[in-house]
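Okay, structure first, notes after.
The values are calculated or read from the model by the stated rules, or taken from the named source; none is laboratory data. Please read these numbers as outputs of a predicted model, since none were measured by experiment. So basically every Cβ, Gly included, is an ideal-geometry build from the backbone, and we count neighbours across all protein chains shown. We work out accessible area using only protein heavy atoms, side chains counted, and drop any ligands, DNA or RNA first. Shrake-Rupley method; radii C 1.70, N 1.55, O 1.52, S 1.80 Å.
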Amino acid sequence: MGSYGDHYVVGEEYRNSRDLETNEFLRWLNGPLDGGVNFGRGIAQLKQPGTDECEFLVFYSSDGGSKSPDPWEDIINLENGIVHYWGDSKAGDGPDPSQRSGNRIVKEAYCETYAKNNREEAPPVLLFVKEQSGRVTFNGLCIISGLEIGRHNHDGETVVNYRISLDILDADAVDLEWIHRKARTGIDVGGPEAWDHWVETGTVNRYSIYNDQIRSRSAQQPTGRFKELHSNIRAHFEGNTREQGKKLEHLIELILKDLDHVDEVEMTPDSGDRGVDLTGKIDLLADTPVPGPDTKIQFKAQVKNKASSVGGRELSRLASRIDDGEIGLFFTMSHYTKSAQEENLSTYPVRLFAGKDLISLLVQTDLVDDTDLNPRVVDEINDAV
């Protein structure tokens, strides 16, 4: 195995050069297999020779690090071990996303195994992300938790695509010998414990890169194309301190209203808000409705449009306004200090959204065009302020 490498480690970068002798992505992944994964495929599969059974799915995302325009973004949340990955539909493909080969592969694998709870036959997903030219980062071993139809507007045209939900399993590394053995023979021996546990029990142990939930400053800021969108929003929100703050409040209001399971979003009056800028409700069990009990929880949100860090004093002001049975949401374009995060975890019922989180929410809406806000949104916000 030495000539192909031994493991793929979560968070580690690997060379993806055209020279296969030095390629640590395709050469290592394909190894001694006949066929395998090719360059430039967003969705591919490793199939067992003879039976043609799909043993592994390989997802390759250029999300975040690429500057090329894309009508949608993959959401990869290593903090909570959750991924929302878009299929390979393009403008002009028509209403059936399964016409694309990658989407068809995923649909067949999901419908024949995952959807039928046939876990022993389900192909694991190997997730790679291109964050810079000539290199990929391994983002983990995943299972498919859902498949649904999504729609996006791209240059005035509606694109119908698959939105694939993944759970990243709690495995820091994946053994290449396991990958090659399973792909060659179909024998599933030597895989990560979290994979074996899911196959045996159906219980998901998710990966989390921030086990203590304390993030560095850099981990709270967007990168690549997300960074450009972040900068463009700041440019739109120029003005005095009050105007900058009100513009971001209106943007957060639009984002929350666009999200599923969030209702009754309202901005508080300018005067006397006492540290609360927005209110609303989040349905905790929207996907599994329960007759009788109200599953919606009230939230109070504060928004800070500032370049400097947010400290514990600002969080405590919001926390003091939260009543029993409510939660707090704090949004900033910047980041939170380490001490503020530690204090919040131990004391306050407040969920913190830094610049990276805000952008991740924004790109899941129709409020952006590539790396900028939709002009209609900019005009709406400016008119409101």
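Explain nothing, just compute: Karplus ³J(HN,Hα) = 6.51 cos²θ - 1.76 cosθ + 1.60, θ = phi - 60°, for every residue of segment 97-104 in order, whole Hz, x for Gly and Pro.
x, 6, 5, 7, 4, x, 4, 5
May I ask you to give the percent of accessible area on segment 89-195 that is carbon plus sulfur, with a probe radius of 1.4 Å? Let's see the in-between values first.
Working: 1790 of 4710 Å².
In segment 89-195, the share of accessible area belonging to carbon and sulfur is 38 percent.
Counting alpha carbon pairs within less than 8 Å and at least 6 residues apart, what relative contact order, in whole percent, applies to the chain? Walk me through the numbers before you get to the answer.
On the way: 739 pairs, mean separation 57.7, N = 385.
Relative contact order here is 15 percent.
With a 1.4 Å probe and all protein chains kept in place, how do VAL204, VAL160 rank by accessible area, largest first?
Ranked from most to least accessible, the order is VAL204, VAL160.
Which entries in LYS227/LYS338; LYS90/LYS130; LYS90/LYS304 show an alpha-carbon gap greater than 27 Å?
Numbers: LYS227/LYS338 22 Å; LYS90/LYS130 20 Å; LYS90/LYS304 37 Å.
Result: LYS90/LYS304 exceed 27 Å.
Mind giving me the nanometre distance, one decimal, between the label points for ASP19 and ASP294, set 7 Å out from Cα along Cα→Cβ?
6.7
The chain: longest stretch without exposed chymotrypsin sites (Phe, Trp or Tyr not before Pro) (DSSP loop, at most 15 other Cβ within 10 Å), sites themselves excluded?
On the way: sites that count: PHE39, TYR210.
Longest stretch, sites excluded: 211-385.
Which residues make up the longest stretch of the chain clear of GluC sites (Glu not before Pro) that lie in a DSSP loop with no more than 10 other Cβ atoms within 10 Å, not counting the sites? Write out the running numbers ahead of the final one.
Numbers: sites that count: GLU21, GLU238.
Result for the longest clean stretch: 22-237.
Could you give me the ³J(HN,Hα) list for segment 42-51, computed from phi with Karplus coefficients 6.51, -1.76, 1.60 and θ = phi - 60°, whole Hz, x at Gly and Pro?
Result, rounded to whole Hz: x, 10, 9, 9, 9, 10, 6, x, x, 8.
Label THR158 and GLU79 with points 7 Å out from Cα along Cα→Cβ: what is the distance between them in nm?
3.4
Assigning unit charges at the beta carbon (Lys, Arg +1; Asp, Glu -1) and nothing else, what dipole magnitude in debye, to the nearest 20, does the chain show about its Cα centre?
Magnitude of the dipole: close to 840 debye.
Mind checking the per residue accessible area of the chain for me, 1.4 Å probe, whole number of Å²?
Details: 18420 Å² over 385 residues.
The answer is 48 Å² per residue.
Using a Cα-Cα cut-off of under 23 Å, which lysines could be cross-linked to LYS47, ignoring same-chain neighbours fewer than 8 residues away?
Answer for LYS47, where 23 Å is the Cα cut-off: LYS107, LYS116, LYS182, listed by chain and number.
Please name which of THR201, SER231, GLY325 has its Cα lying farthest along the dipole of the chain towards the positive end, using unit charges on Cβ (Lys, Arg +1; Asp, Glu -1) and the Cα centre as origin.
SER231
Applying 1/(1 + (r/R0)^6) with R0 = 41 Å to the Cβ-Cβ distance of ARG313 and VAL9, what FRET efficiency is obtained, to the nearest 0.05?
On the way: r = 39 Å, r/R0 = 0.96.
The formula returns an efficiency of 0.55 here.
Test of understanding: what is the full-extension gain from ARG242 to SER165, defined as 0.36 nm times their sequence separation minus their Cα-Cα distance? Don't jump to the answer; show the numbers that get you there.
Numbers: separation 77, 0.36 × 77 = 27.72 nm, distance 3.91 nm.
Stretched out fully, the ARG242 to SER165 stretch lengthens by 23.8 nm.
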